[in-house]
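Novice: Just dropping this structure here.
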Amino acid sequence: MMKFNVDERGYYGEYGGAYIPEMMYPNVKELQDNYLKILDDEIFRKEFSLLLRDYAGRPSPLYYAGRLSAYHNTNIYLKREDLNHTGAHKINNTIGQILIAKRLGKTRIIAETGAGQHGVATATVCALMGLKCFVYMGKLDVERQAPNVLRMKMLGAEVIPVTSGNMTLKDAANEAIRDWISNPVDTHYIIGSVVGPHPYPDLVARLQSVISEEIKWQLTEHIGKENPDYIIACVGGGSNAAGSFYHYLDNEDVKLVAVEAAGKGINSGKSAATMVLGSPGVIHGSRTILMQNEDGQITEPYSVSAGLDYPGIGPLFAWLYKMKRVTFDNATDTEALEAAFLLTRLEGIIPALESAHALAILGKMKFKKDDIVVVTISGRGDKDMAAYMKYLGESDYKNI
Ligand SMILES: *Cc1c(COP(=O)(O)O)cnc(C)c1O
């Protein structure tokens, strides 16, 4: 991936960088100086790929969805990240980062989480490695996401409810940053997406790039060539999309489509479609596109899916959008819910609500009969049963 690679200063064109308080500089510098060396190290690579195989369950299958293909009159392959241990792509990143943390001699791990998916993936690898784990989570999210809070506790993590700001994801991230500044020596901060100061966007994209590495050989097994016509993935911060696109970025024959959450509609005031509603600015340590008001204050995003409910987007995507390498689309709550039921009834696969956004645009796109379309199913829908049952009109259903 040459053309869209980050430069030495951590920029993708005009986006990226490391906009951080001076006090955080030593922590970030240590990672900047070491991450590429570690990723390239043979022992690291061996440990990482063994854990991906034996612990996370990779490779995740690339499944030809016959009935969904017939429905949309094209050829649809699903990249099954939902079958990974802990139920989503996030484990790829946390396994990689915990190995890096150990290399750097860290004994204490912190993370931020919104819906709790990244918190669970982090708590999981901390249990695996016997490291202390502290997860910052907005108080509102702690209340909304009880099952994941319980999972983290069972895994031995301490969940710290954050009461500042709106008590959601961005406040949790701010609090994690504060912790890191106070604990620079023994602590590693595992960021959950391709966001944050350099080197996180590049680091997380590389760790998730195993997704497109596998798509290449799996598609060759299926159809005798490694290039599909389209790859479609949902975007919150952008890590499952970055992983799905990574090894195809330089290959312009493959059309890449990123799908954001439109919430109740782009102009409803309740949306998370950053690329449509956002403008350049700095969020969580990098220059990117974000949703903000005229005073530069972040506006609260909304989506039925907690994983897409983020007011920014990774700087790589701001750049890929500007360079016209990735096409952006979006899907509303209702469109995503419908798409989730359609996949479930046609294929017997209950997707995460986030992934359902990627599925939702299949009906809106114009495919040829012989097109090859890969859709990344970033996670499984167990966590979303309450929302699905509410949609079915059984709102007394409880997701525990
Ligand atoms: C967290 C999450 C997302 C959104 O995060 P990205 O970094 O954009 O991938 C998407 N799908 C699932 C299942 C998630 O848990």
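Novice: Tell me which residues, restricted to segment 237-271, are assigned to a loop (DSSP other than H, G, I, E, B), within 17 Å of residue 12 (Cβ to Cβ) and under 20 Å from the mean Cα position of the chain (by Cα).
Specialist: 237, 238, 249
Novice: In addition: Is it true that some residue in segment 225-233 is of a type outside the set (Phe, Trp, Tyr), surrounded by fewer than 20 Cβ atoms within 10 Å (Cβ to Cβ), closer than 21 Å to residue 90 by Cβ and at pLDDT 95 or above?
Specialist: There is no residue in segment 225-233 that is of a type outside the set (Phe, Trp, Tyr), surrounded by fewer than 20 Cβ atoms within 10 Å (Cβ to Cβ), closer than 21 Å to residue 90 by Cβ and at pLDDT 95 or above.
Residue-wise test of (1) in contact with a Lys or Arg (Cβ under 8 Å, 6 or more places away or on another chain); (2) closer than 25 Å to residue 116 by Cβ; (3) away from the ligand (no atom under 16 Å from the Cβ).
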{"residue": "203", "(1), (2), (3)": "no, yes, no"}
{"residue": "217", "(1), (2), (3)": "no, no, yes"}
{"residue": "231", "(1), (2), (3)": "yes, no, no"}
{"residue": "235", "(1), (2), (3)": "no, yes, no"}
{"residue": "279", "(1), (2), (3)": "no, no, yes"}
{"residue": "302", "(1), (2), (3)": "yes, yes, no"}
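Novice: When the residues of segment 111-153 are filtered to those that are among the small types (Gly, Ala, Ser) and touching a helix residue (DSSP H, G or I) at 6+ places or on another chain (Cβ under 6 Å), which remaining residue is farthest from residue 55 (Cα to Cα)?
Specialist: Of everything passing the filter in segment 111-153, 138 is farthest from residue 55 (Cα to Cα).
Novice: Tell me whether segment 374-390 contains one or more residues that are buried (at least 16 other Cβ atoms within 10 Å of the Cβ), away from the ligand (no atom under 11 Å from the Cβ) and more than 28 Å from residue 146 (Cα to Cα).
Specialist: yes
Novice: Do any residues in segment 188-213 that are touching a residue at least 60 places away in the same chain (Cβ under 8 Å) have Cβ atoms under 6 Å from those of residues that are basic (Lys, Arg) and more than 14 Å from the ligand (Cβ to nearest atom), where the two are at least six apart or on different chains, and which pairs are they?
Specialist: Qualifying pairs under 6 Å: 188/106.
Novice: Here's another thing I want to ask about it. In segment 272-320, what residues are in a strand (DSSP E or B), surrounded by fewer than 23 Cβ atoms within 10 Å (Cβ to Cβ) and not charged (D, E, K, R)?
Specialist: Once the filter is applied, which keeps residues that are in a strand (DSSP E or B), surrounded by fewer than 23 Cβ atoms within 10 Å (Cβ to Cβ) and not charged (D, E, K, R), segment 272-320 yields 279, 280, 281, 282, 292, 298.
Novice: Cβ-Cβ under 9 Å, sequence separation 6+ or interchain: first residue in segment 8-24 and hydrophobic (A, V, I, L, M, F, W, C), partner assigned to a strand (DSSP E or B). Which pairs?
Specialist: Listed by first residue and then by second, the contacts come to 18/286.
Novice: Then there's this: Please indicate, with yes or no, whether at least one residue in segment 189-204 is over 18 Å from residue 284 (Cβ atoms) and charged (D, E, K, R).
Specialist: Within segment 189-204 (the criterion being over 18 Å from residue 284 (Cβ atoms) and charged (D, E, K, R)), the answer is no, since none of the residues qualifies.
Novice: Identify all residues within segment 321-373 that are in contact (Cβ under 8 Å) with a residue 24 or more places away in the chain, acidic (Asp, Glu), surrounded by fewer than 22 Cβ atoms within 10 Å (Cβ to Cβ) and not in a loop (DSSP other than H, G, I, E, B); write none if there are none.
Specialist: Those that are in contact (Cβ under 8 Å) with a residue 24 or more places away in the chain, acidic (Asp, Glu), surrounded by fewer than 22 Cβ atoms within 10 Å (Cβ to Cβ) and not in a loop (DSSP other than H, G, I, E, B): 329, 335, 347.
Novice: For segment 302-316, which residues satisfy the criterion of being farther than 14 Å from residue 192 by Cα and touching a Pro at 6+ places or on another chain (Cβ under 9 Å)?
Specialist: The answer is 311, 315, 316.
The values are calculated or read from the model by the stated rules, or taken from the named source; none is laboratory data. Every value quoted in this text rests on a predicted model; they were computed, and no experiment measured them. Cβ: placed from backbone, ideal geometry, glycine included. Neighbour counts: every protein chain shown.
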